[in-house]
Amino acid sequence: MEKGVLEQIEPEAGRAAERKSIIIDFFRGIASTVGGKRARRLEKRWDFSADGAITSLTSAIAGGKNIAVFTTKNGKLYVLSENAEVKFVYNPEEKLTEEELFFAEENTARNIYTTPAIADINNDGKDEIIFGTDTGKVYALDLSGKLLWSYKAQDSVRSSAMIEDINNDKKMKIVFGSNDGNLYALNSKGKLLWKFKANSGIEARPSLLRGKKQSQIIFGSNDGIIYSVDGKGKALWQFKTDGKITAAASTGKLYNDGEDYIVIGSFDSNIYALNANGKLKWKYKTEGNIFSEASLADINNDKKLEIIFGCCDDNIYALSCSGDRIWNYETDFWVVASPLAVDIDNDGKLEIVAGSYDRSLYILDAEGTFLLNYMPGISSITQQSGYYDEPMTSQPGVFYGKKLWSYKTDGMVVGIACMANKEKNIITGTDTGKISSFILK
């Protein structure tokens, strides 16, 4: 078994138009100050510099402690404590064949684009870390950085692994896709159980839908097909979109009616909601590619799940369970990392944490804010209250995303995570190789 290297490292037209502007600014001012949240500020707690661009980031409680786990473009995996102490750095140092070097440069062939999966894969009470690389290898490490096993696919692995009991035998399986077009299922020792052949490469992480009768593994492919297979790799159904899918599917009971639904975005600019049989419930059209997984959360206490996601039209969106826009917030560049729904300030209400390629971290009010387009009782013809030149048949305004706090980072934000500690540390990773921790003060 090929061994890697464990590295040690020291520990922002006239009077009618003017009146409209004043009114909107007035109500925006009210919206931004009600609740007193502005009295707090977002502070950077620490920075850590890796020796390569960050490609993925996650956090977990492992061994009873909060850790941040991230990967870099030059093929290394880092594990940090919540105080930025280096637990270990793992470098596979893979030897490339002549064929691999023919199709890829040596300095890019070792790239890691998968988000590490962290779970107890063998029921020993200890978590393991699973990740794949562009050489096609999937690695399992223990929490000290020791290599447990590796498995070689036939092409690059950019699909993050799903670790689940997929057939109710109380044993965890590792399920991932490869650009060789196969979905692989391995046992806890890295042995192949089965593989499912799709029509194209698979870069999206598989998701598990636990149904009443059987569980389904849901995943998207590079040719835009959403697949469902059972726990033994047998095809159940498929649904075709018009663009590549790199986003993992989100699953949940959207309507609180006991029925499960699947929500997944595509490069065709649509986000789709399907039922458990693969039938379209609704779709919502954006103006850009949707790279990553949507978050499902009840952000307005209606006992139904809302859908929050980022898009390459520079927006963060919040949709109702029926696919209607609740609000959107426009940043200055793509939003690629999956937004998080977290009660970041411990006030009993959710906030939305998101990062953008505009080099900013954003914390938004999950419910948004209502801004007036016109003021009922104020006409564009007369200032007499209560007079309208036309019947009022539409809402006098719309909901927008409401920014609570933001912080300018040193690079494009490619990953965000939130630690499950009292301070709710927000962790960001950027394309400049910087990992940063933020807290509210």
Scan the stretch 347-357 and tell me whether some residue there is closer than 30 Å to residue 246 by Cβ, at pLDDT 95 or above, outside any strand (DSSP E or B) and touching a strand residue (DSSP E or B) at 6+ places or on another chain (Cβ under 6 Å).
yes
When you go through 38, 45, 19, 28 one by one, which is the residue that is charged (D, E, K, R), modelled with pLDDT of 95 or more and not in a loop (DSSP other than H, G, I, E, B)?
45
Single residue of 219, 239 found to be among the aromatic types (Phe, Trp, Tyr), touching a Pro at 6+ places or on another chain (Cβ under 6 Å) and part of a strand (DSSP E or B)
219
Based on what the data block shows, is residue 393 buried (at least 18 other Cβ atoms within 10 Å of the Cβ), modelled with pLDDT under 95 and more than 23 Å from the chain's Cα centre (by Cα)?
no
Being among the basic types (Lys, Arg), under 25 Å from residue 250 (Cβ atoms) and in contact with a strand residue (DSSP E or B) (Cβ under 7 Å, 6 or more places away or on another chain) is the requirement here; does residue 212 meet it?
no
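Residue-wise test of (1) modelled with pLDDT under 60; (2) in a loop (DSSP other than H, G, I, E, B).
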| position | (1), (2) |
| --- | --- |
| 12 | yes, yes |
| 51 | no, yes |
| 79 | no, no |
| 95 | no, yes |
| 107 | yes, no |
| 111 | no, yes |
Among 244, 213, 232, the single one that is part of a loop (DSSP other than H, G, I, E, B), modelled with pLDDT under 95 and charged (D, E, K, R) is 213
For residue 226, are the conditions met, namely being crowded, with 24+ Cβ neighbours inside 10 Å and of a type in the set (Val, Ile, Thr)?
no
Within the stretch 159-194, which residues are more than 17 Å from residue 227 (Cα to Cα), of a type outside the set (Gly, Ala, Ser) and assigned to a loop (DSSP other than H, G, I, E, B)?
165, 167, 168, 169, 170, 171, 172, 187, 189, 191
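The values are calculated or read from the model by the stated rules, or taken from the named source; none is laboratory data. Because the structure is predicted, anything quoted here is derived from the model rather than measured. Reconstructed Cβ throughout: ideal geometry from the backbone, glycine too, with neighbour counts over all protein chains shown.
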